[in-house]
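Notes follow once the structure below has been shown.
The values are calculated or read from the model by the stated rules, or taken from the named source; none is laboratory data. These numbers come from a predicted model, not from an experiment. Note that we place each Cβ from the backbone using ideal geometry, even for glycine, and neighbour counts take in every protein chain shown. Side chains are part of the model used for accessible areas, which takes the heavy atoms of the whole protein and leaves out ligands, DNA and RNA. Shrake-Rupley method; radii C 1.70, N 1.55, O 1.52, S 1.80 Å.
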Amino acid sequence: MEVLLNLFDFVMHIDQHLNQFANDYGLWLYAILFLIIFVETGVVVMPFLPGDSLLFAAGMVAALADNDLNVWIIVGLLIIAAILGDTLNYTIGRSIGYKAVQIKIFGKQFVQPEHLNKTHEFYEKYGAKTIVIARFVPIVRTLAPFVAGIGKMSYKTFITYNVIGGVIWITSLTLAGYFLGSIQWVQDNFSKVVLAIIVISIFPLIFEIYKEKFSKKQA
């Protein structure tokens, strides 16, 4: 429980933590950001790591005048991290498939079957475009390339949508943080902004669940 509370605090105040990291470790923050995005997108049992809020906060911190971070270096590095992460996840799914789902950490199975089922439903509706759309949906973002590997999606199709999705996801959220982060209201109400980002990002998933339950009731 304490771990979850610490993770929640990190996400809700991620701008402060990243700014502290920038002051303490300087340019090593590039490597820290790269690693977080790579692991979140590349390791199927790590869907709980911050994604959208991290990108927004990274852009916001890069806009501050008290550090030497360059937003374009951040964007370039994290695009590479996102593409490599999805590629690793796809490879894991294609190589060992559902065996990876059985991995337990501290005795708990982190990848829930219902999350995999929901990701399958995304594929049934959007096809290969799921790789792009899923970039903006927590949990599904991590599972989508894994499921694509299990389903033996052709690598050419996968890598095309992987690159497109990675570029759009990283660029849009990081630059949004960079340009909006200079607004005083955003700086003073960052927790509210993070909540808004989370709500917006999970809205498609909530909508699909509601629509599915509503259709079952009608049936």
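Ligands, DNA and RNA aside, residue 180 has an accessible area near 80 Å² when probed at 1.4 Å.
For every other residue with a beta carbon closer than 14 angstrom to the beta carbon of residue 171, add +1 if it is Lys or Arg and -1 if Asp or Glu, then tell me the sum. Please report the intermediate quantities before stating the final value.
Working: positive: 135; negative: 52.
Value of the local net charge: 0.
Note on surface exposure: 130, 160 rank 160, 130 by accessible area, highest first, 1.4 Å probe.
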